[in-house]
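Structure, as structure tokens:
The values are calculated or read from the model by the stated rules, or taken from the named source; none is laboratory data. Worth saying up front: this structure is predicted, and the values here are computed from it rather than measured. Backbone-built Cβ (ideal geometry, glycine too); neighbour counts: all protein chains shown. Calculation scope for accessible area: heavy atoms of the full protein, side chains included, ligands and nucleic acids excluded. Shrake-Rupley method; radii C 1.70, N 1.55, O 1.52, S 1.80 Å.
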Amino acid sequence: MKLGALFSGGKDSTYALYKASKEHEVVCLIAIKSFNPESYMFHVPAFEHIEKQAEALGIPLILAETKGEKEKELKDLQKAIEDAKEKYKIEGIVTGAVASTYQASRIQKICSALELWQFNPLWQIKQMELLKDLIKDNFEVIITGIAAYPLDESWLGRKLDEKMLKELEKLEKEYKINVAGEGGEFETLVVDSPIHNKKIQLAETEKEYSDHHGTLIIKKMELK
């Protein structure tokens, strides 16, 4: 089946793309650039490099924009999916939804209206298992944004590994942080994986941080 994948460059959308590619033909990526840093639907950190991320995967990209207003942003998403259906003849949509009923239900409504199948390969997966699977399947994941106590500046730019898993597990018990960042605690960027044609190298970065909120600013990204 020909599918379009909702894509942010983060761990969930990229891993869902990987899982979908095993059974189906993913013919395009669909990305929404939100101008609202607190978007209800869309990933924001490092999004200015989304075209380079699509190039690293070797998959065509449909890129749309939204002001990020609650509910109104869904119309912008629907228009982008309509464009993908017309241009690439997709029959369904892949999402990286794990636990957000808010996101999954709204995407399902759009898919139903456009007569498209919705595929959520990560839905309701145990979140620590998801992180373990990313490491096992050779996904290189970088933390690009944080927004929760006690995460501090040292987390920005860190790579997901076994050491981080142990720390997240401890923080979940002590501070109720969601280990997969489902509550918006952190944002990620996948720089390499089995489905990347080229590895992403963060050639120049800087950190913006204040009071347990921070972003890894990627000033220069290269493909290897």
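General remarks:
- Computed over the chain: relative contact order in percent, which uses C-alpha pairs under 8 Å that are six or more apart: 22 percent
- Exposure check, 1.4 Å probe, all protein chains in place: TYR209 carries approximately 70 Å² of accessible surface.
- 3J(HN,Hα) couplings calculated from phi for segment 164-170 with the Karplus curve 6.51 cos²θ - 1.76 cosθ + 1.60 (θ = phi - 60°) are, in sequence order, 5, 4, 5, 5, 5, 4, 5 Hz; Gly and Pro show x.
- In this structure, the pairs whose alpha-carbon distance is over 18 Å, taken from LYS2/LYS224; LYS52/LYS75; LYS132/LYS163; LYS11/LYS199; LYS11/LYS132; LYS126/LYS166, are LYS2/LYS224; LYS52/LYS75.
- Probe 1.4 Å, protein heavy atoms only - accessible area per residue of segment 114-178 in square angstrom: 55 Å²
- 15 Å Cα-Cα reach of LYS198 towards aspartates and glutamates, excluding residues that sit fewer than 8 places from it in its own chain: GLU51, GLU55, GLU140, GLU222
- Under 5 Å from the amide H of GLY145 lie the amide H atoms of GLU187, LEU216, each residue being 5 or more positions distant or on a separate chain, with H modelled from the backbone and absent for Pro and chain starts.
- Residues in segment 50-59 carry Karplus couplings, in order, of 4, 5, 5, 5, 5, 4, 4, 7, x, 10 Hz; the curve used is 6.51 cos²θ - 1.76 cosθ + 1.60 with θ = phi - 60°, and Gly or Pro positions show x.
- Here the sum of -39500 (n - 2.57) over DSSP H runs of 4 or more residues, divided by the residues of the chain, equals -10000 deg cm²/dmol at 222 nm, to the nearest 500.
- Listed candidates [x] 45, 36, 31; [y] 59, 37, 33; [z] 45, 43, 34 - label of the one calculated as Cα extents along the principal axes in Å: [x]
- Most to least accessible of LEU168, LEU74 (protein chains only, probe 1.4 Å): LEU74, LEU168
- Under a 5 Å amide H cut-off, with hydrogens placed 1.01 Å from N, ASN178 pairs with GLY183 among residues at least 5 apart or on other chains.
- For the chain, the longest principal axis of the C-alpha atoms and the axis of helix 101-113 are separated by about 10°.
- Each residue of segment 123-136 was assigned a 3J(HN,Hα) from its phi angle through the Karplus curve 6.51 cos²θ - 1.76 cosθ + 1.60 (θ = phi - 60°); the sequence is 4, 6, 5, 4, 5, 5, 5, 4, 5, 5, 5, 4, 5, 4 Hz, with glycine and proline shown as x.
- Summing charges over neighbours of ILE135, with a neighbour being any other residue whose Cβ is under 9 Å away from its Cβ, gives -2 when K and R count +1 and D and E count -1.
- Here the chain exposes an accessible surface that is 45 percent carbon and sulfur, computed with a 1.4 Å probe and the other protein chains kept in place.
- Among the trypsin sites (Lys or Arg not before Pro) found in segment 48-127, those both in a DSSP coil and sparsely packed, with 13 or fewer other Cβ atoms within 10 Å of their Cβ, are LYS67, LYS70, LYS89, LYS126.
- Distant-in-sequence amide H partners of THR205 (H built 1.01 Å from N, under 5 Å): LYS219
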